[in-house]
2 protein chains.
Amino acid sequence: MTRTSKGLYADPRFPARLGSMGGEALAVHLSPEEAPNRWYNILADLPEPLPPPRDEEPGQPRLKMLGEVLLGECLRQENATDRWIPIPPEIQDLYLQAGRPHPLFRARRLERHLGTPAKLYYKSEFYSPTGSHKVNTALAQAWYAAAAGYERVTTETGAGQWGTALAYAASLVGLKTTVYWVRAVHDWKVERRNLMRLFGAEVHASPSPQTNVGRALLRENGNHPGSLGIAVSEGLEDARSDEKAVYCLGSVLNHVLLHQTVIGLETRRQLEMIGEYPDVVISCLGGGSNFGGFALPFLGDAIHGKEVRFIAAQSEAAPNLQGEYRYDHADHAELTPQLKMYTLGHRKEMHPIRGDGLRYHAAAPIISLLRHLGYIDTIAYPADEKYVFERARAFVQAEGFLPAPESAYSVACAIDEAVRCKETGERKVIAFNVSGHGFMDMEAYREILGL
Amino acid sequence: MTRTSKGLYADPRFPARLGSMGGEALAVHLSPEEAPNRWYNILADLPEPLPPPRDEEPGQPRLKMLGEVLLGECLRQENATDRWIPIPPEIQDLYLQAGRPHPLFRARRLERHLGTPAKLYYKSEFYSPTGSHKVNTALAQAWYAAAAGYERVTTETGAGQWGTALAYAASLVGLKTTVYWVRAVHDWKVERRNLMRLFGAEVHASPSPQTNVGRALLRENGNHPGSLGIAVSEGLEDARSDEKAVYCLGSVLNHVLLHQTVIGLETRRQLEMIGEYPDVVISCLGGGSNFGGFALPFLGDAIHGKEVRFIAAQSEAAPNLQGEYRYDHADHAELTPQLKMYTLGHRKEMHPIRGDGLRYHAAAPIISLLRHLGYIDTIAYPADEKYVFERARAFVQAEGFLPAPESAYSVACAIDEAVRCKETGERKVIAFNVSGHGFMDMEAYREILGL
């Protein structure tokens, strides 16, 4: 059953920019009944086994901690080998509540603006109650936490999108949330902090006086700027000292990518409904949950022989897919086990960028293995972000939707591919994900574009 | 063809707040093919003729000006008597591009939180590329302007939602936009101004040095705070002095309400798909374009005998529906003809509120006539906005979507009705519109709720 629109454009007075849409689909909507009712688990299809987490310290305290800290169901999913994991009906309903399924759009106006023969399709993850795709795993984790009898979730956040998503999800299922937020970011993203509080979350600038870790650091420096590693430590300490609380993670791990596959599953179905399959699949990549969520269902097809090209859009500030493929910690403070990842090193200093969600030293183990096996290309854009934001502006003016700074990388990469198609004359089908909206990031647009 | 979800909730461990959804619809989606392809024109169904605009000055310069200034097609629609006006396919496609049709949600979690037997349904106009329902008429007007050969649109804006919507729509159809923005608002809504600029608009604080009107006022006071009336004058003068430019209006007039009826038409169809019809229809009302867009299709049914109650949610700062029903100017500067409206007087001083879009001295002629004939009730909430924002917070925490300050009035009124149903035990069906999102209004939430 296709849900597309075919418009007729007969009015010769009409400006070329709008012109004839040629009877092709402009937007593809899925009904709730057509929404995915299971997540895709690529662990079942990987060409070789995923290297497991490692802890070289005697007694393996970090591996034990991981086992203690993760929700039982998430831990099970972390190692599951079933290709399909059923989405509990209650989580399906939470996805509905969050506005899923989201439409797929044809970027017809952008194509005309670029003069490309390529066909560009973008997924609207910007239709998010909190601003990004992070809600897809936040809802699952919050629901599992509630079902397991916990009363509170704790977490860390860097850019703030993950903390907001978890605060939102916890509110919907009746849990409390405590967010430890890297102080350097917490202090200037006042409006995002208020959004978390509006969802009922307790938000602490990290390091905070709430934990032993935080208090010790504050004694050294009362204005300590914090780091993601410190915030992780605080969230962990908080959850471990309260049996009614559990710690949640927003990226990198297998179960997080699993939950995000609803994005790619919806997209693949939407393309199928209009008789399309992508030649190129593009999204931005920090830790890998957005890229994985969008690309994994197509990567599964690629493993089974389908010809598809995958491009991860990154920043030169954190081009982790150009790093080394080796075991490394997921955090600065070495609290986590080592994971086999493409990494810049867990203590790498990274230049600040507006697409802060891309500023992570390593890529998720699943993504890293697939990169290692040659399935994933990558491009890193200059850290001044002018190139990326200029392309985001072209997208905004042609398509009307405002991408989050991170999503602007996805847009820029799709435009680059479309321009290449113009040069070669190839009519490629390019699918990309716009993982979040930028309504709370106008300051970034102003600064970089000089509005 | 229904597109609803029925979830099963068998897990006894699960907290009551999520509990059983009882197999009822949580979200109703329309496919693009099911989207309205015509606007509903209530002029065909009004119980008595709409009093026409009036100009008592010899020669009727204001009436003539209205005729000159409006787009030909909009002027025709202003007085059309056909019940249904076809939406040109190109505008249907622009609606698709803007993400229409938007889902209808059942506020099941909010109902449980309130303990009401009422069924609450809300329309998601917050799924807007620019933040509000204003895009529905902006796209139509921009397309008509482009089709008529204009190269630029001009307008005024107060709260900023209309200026953003027009900048967006003009960008999509390849027109330039000039926005005159009341200086007092322009100067503090920096991020919204930047969003207009990102869409390519030229934005002037009004009074501005661009026009004779503006220059004269600036000579008196270089820091003149401006007013909507002055901004209107500037937009008009600018458009009239450039034959390639045309002036566009965002509320009050019949054709604006007409374009907005896509909201109510979609909603009525969505309710029909799940076998529902509302007992109560609620939305906020400033000039009337949002309320009209949502309610007019149902008001048409009410005129034909259907039992429905309509409530317009307003602020005590501008309770225009409690004013006098008489001829009055639509603007402070008396540039517009007089319209028969419920009005507080066009020179009324109104207390500043965060729901600035509700701060208008009069209600659209169509709405005013229907109020006069007894079809529309109204409630005005205290101007400190605490009551309204507290209810918006309950909505955010239960449903997860962040309403614009104006839309918070709609939410508050729906909650009040639901609470009344709790007292009386009535299982009423309440439909309300959430006309915009609040991602750019977190400061209002912070200030009023003390986050």
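Quick notes
- Among residues of region B:192-206, those that are part of a loop (DSSP other than H, G, I, E, B) and either surrounded by fewer than 21 Cβ atoms within 10 Å (Cβ to Cβ) or at pLDDT below 95 (or both), counted: 1
- Residue in region B:139-147 that is closer than 30 Å to residue B:421 by Cα and in contact with an Asp or Glu (Cβ under 6 Å, 6 or more places away or on another chain) present: no
- Test: residue in region B:123-134 that is in contact with a helix residue (DSSP H, G or I) (Cβ under 8 Å, 6 or more places away or on another chain), in a helix (DSSP H, G or I) and closer than 22 Å to residue A:130 by Cβ: no
- Qualifying residue in region B:88-107 (condition: away from chain A (no Cβ under 14 Å) and touching a residue at least 60 places away in the same chain (Cβ under 8 Å)): no
- Looking across region A:170-191 at every residue that is assigned to a helix (DSSP H, G or I) and at the interface with chain B (Cβ under 8 Å from one of its Cβ atoms), the one that is surrounded by the fewest Cβ atoms within 10 Å (Cβ to Cβ) is identified as A:190.
- The criterion of at least 1 residues that are within 14 Å of chain B (Cβ to nearest Cβ) and surrounded by fewer than 23 Cβ atoms within 10 Å (Cβ to Cβ) is met by the following helices (runs of 4 or more DSSP H) wholly inside region A:357-451: A:386-399, A:442-449.
- Residues of region A:145-166 satisfying the condition of being surrounded by 24 or more Cβ atoms within 10 Å (Cβ to Cβ) and in a helix (DSSP H, G or I): A:145, A:146, A:161, A:162, A:163, A:164, A:165, A:166
- Exactly one residue among A:326, A:347, A:371 is touching a residue at least 40 places away in the same chain (Cβ under 8 Å) and basic (Lys, Arg), and that residue is A:371.
- Residues located in region A:332-356, provided they are at pLDDT below 95, of a type in the set (A, V, I, L, M, F, W, C) and surrounded by fewer than 24 Cβ atoms within 10 Å (Cβ to Cβ): A:333, A:335, A:350
- Residue match in region A:280-296 (condition: closer than 17 Å to residue A:41 by Cβ and among the β-branched types (Val, Ile, Thr)): no
- Test result for residue A:116, modelled with pLDDT of 95 or more, crowded, with 24+ Cβ neighbours inside 10 Å, of a type outside the set (Asp, Glu) and over 30 Å from residue B:125 (Cα atoms): yes
- For the condition within 13 Å of chain B (Cβ to nearest Cβ) and touching a Gly at 6+ places or on another chain (Cβ under 7 Å), residue A:131 qualifies.
- All positions within region B:52-65 that are crowded, with 17+ Cβ neighbours inside 10 Å and either without any contact (Cβ under 8 Å) to a residue 40 or more places away in the chain or within 23 Å of the chain's Cα centre (by Cα) (or both): B:53
The values are calculated or read from the model by the stated rules, or taken from the named source; none is laboratory data. Note that the structure is a prediction, hence the values are computed from the model and not measured. A quick note on method: Cβ atoms are made from the backbone with ideal geometry, for glycine too, and the neighbour counts reach across all protein chains shown.
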